[in-house]
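Report on the structure given below.
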Amino acid sequence: MQYKRIGAIDIGTNAVRLLVTNVIETSEGPLFRKSSLIRMPIRLGADVFTKGKIGKRNVKRLIHAMKAFRHIMLVNEVIDYKACATSAMREADNGTGVIAKIAEESGIDINIISGKEEADIIYSTHIEQLLNPNKTYLYVDVGGGSTELTLFSGQDKAASKSFNIGTIRILTERVKPKHWKEFHTWIEKHTKKFKNVEIIGSGGNINKLFKMSGLSLGKPIDLKYLNESMARLEALTLQERVLKLDLNVDRADVIVPASQIFLAVMKSSQAQKVHVPKIGLADGIVRTLYFERYAQKRAPEPVNKG
């Protein structure tokens, strides 16, 4: 059996992640199988959305994280990787300088991607292959700094857009009524001609809400459950969410604005269900890297090159 082990680093607004994936090459095409996922809640957005730049403390933490990720990839014999930074990094006044410092000290090269590039990478996961061709779906990826929306009519991409509405932005009071109005208007405009739109949810918060629901894999969360969960979460203090609901400290606050975003999407699209396939940006990074470099039989590049 031939396979390649590929790494994806997602430097998000709330957390940074390293996904290691085994890409098994078969006569019918590659199979992508997750090997490990490591998440570190550095919260770059807490700096950027309040001060306009990444603070010294988080720069140091980010460098340590990238050094750790590099060593983990070496231990796992990852042959290649790609690192992408999203909303917080692209808005930070010192983002370019931080990227250069990380490359110098850790050897990890990071690409700052636009909202459109982020949506395109997520789309590359070929989520449409999991869809019912007779239904309409709105793919919703909620992050700390932005929310990416992609509308599928059957298995075809009908529209997509990135909005600067995310969990950390909401917590830092950077999402204004005009931003919500633009969000609702876009959703209503693009979904009004379709009946029975269903949501596909992506991101750590919707994954956690799904786990809390107790539903079996493949079953969707419904609107009633999300409304009840939102009410329950809002009624608890941060400490109570950690102790009573067994949430991590860095999840206990952002899960409320994430729920708010999903409920807003469902209201504007009149959707009643959210499917949670657990596919996100890091999965898309692995796929795009593989098809860019290895589907054409390019020779592997070791992670420790240079």
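Just so it is clear, none of the values below were taken in a lab; they were calculated from the coordinates. From a predicted model like this one, the values you see are computed outputs, not experimental measurements. As a convention, Cβ positions derive from the backbone with ideal geometry for all residues, glycine included, and neighbour counts pool all protein chains shown.
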Fluctuation leader among T172, T21, T13 - the chain, Gaussian network, Cα springs under 10 angstrom: T172
Relative compactness, region 126-279, computed as alpha-carbon Rg over 2.2 N^0.38 Å: 1.01
Cα gyration tensor category, rounded, prolate or oblate, for region 41-186 with a/c compared to 1.5: oblate
Burial order of peptide ranges 215-223, 135-143 (average beta-carbon count within 10 Å, highest first): 135-143, 215-223
Region 113-219: Lys pairs at Cα distance under 13 angstrom, eight or more positions apart or on different chains: 7
For the chain, built as a Gaussian network whose Cα springs stay under 10 Å, the top-fluctuating residue of N248, N227, N111: N248
Rel. contact order, % - alpha carbon contacts under 8 angstrom, at least six apart, the chain: 20
Most mobile of A252, A85, A231 in a GNM of the chain (Cα contacts under 10 Å): A231
Relative contact order computed over region 126-279 (Cα-Cα under 8 Å; 6+ residues apart), in percent: 28
Among N227, A65, A258 the positive-end extreme of the charge dipole of the chain (Cβ point charges): N227
Alpha-carbon Debye profile of region 38-124, log10 I(q)/I(0) at 0.15 Å⁻¹: -0.58
The chain shape via C-alpha gyration tensor axes, a/c threshold 1.5: oblate
Residues of type lysines that K60 reaches as a straight line, Cα spacing below 25 Å, ignoring anything fewer than 8 places off in the same chain: K51, K82, K101, K305
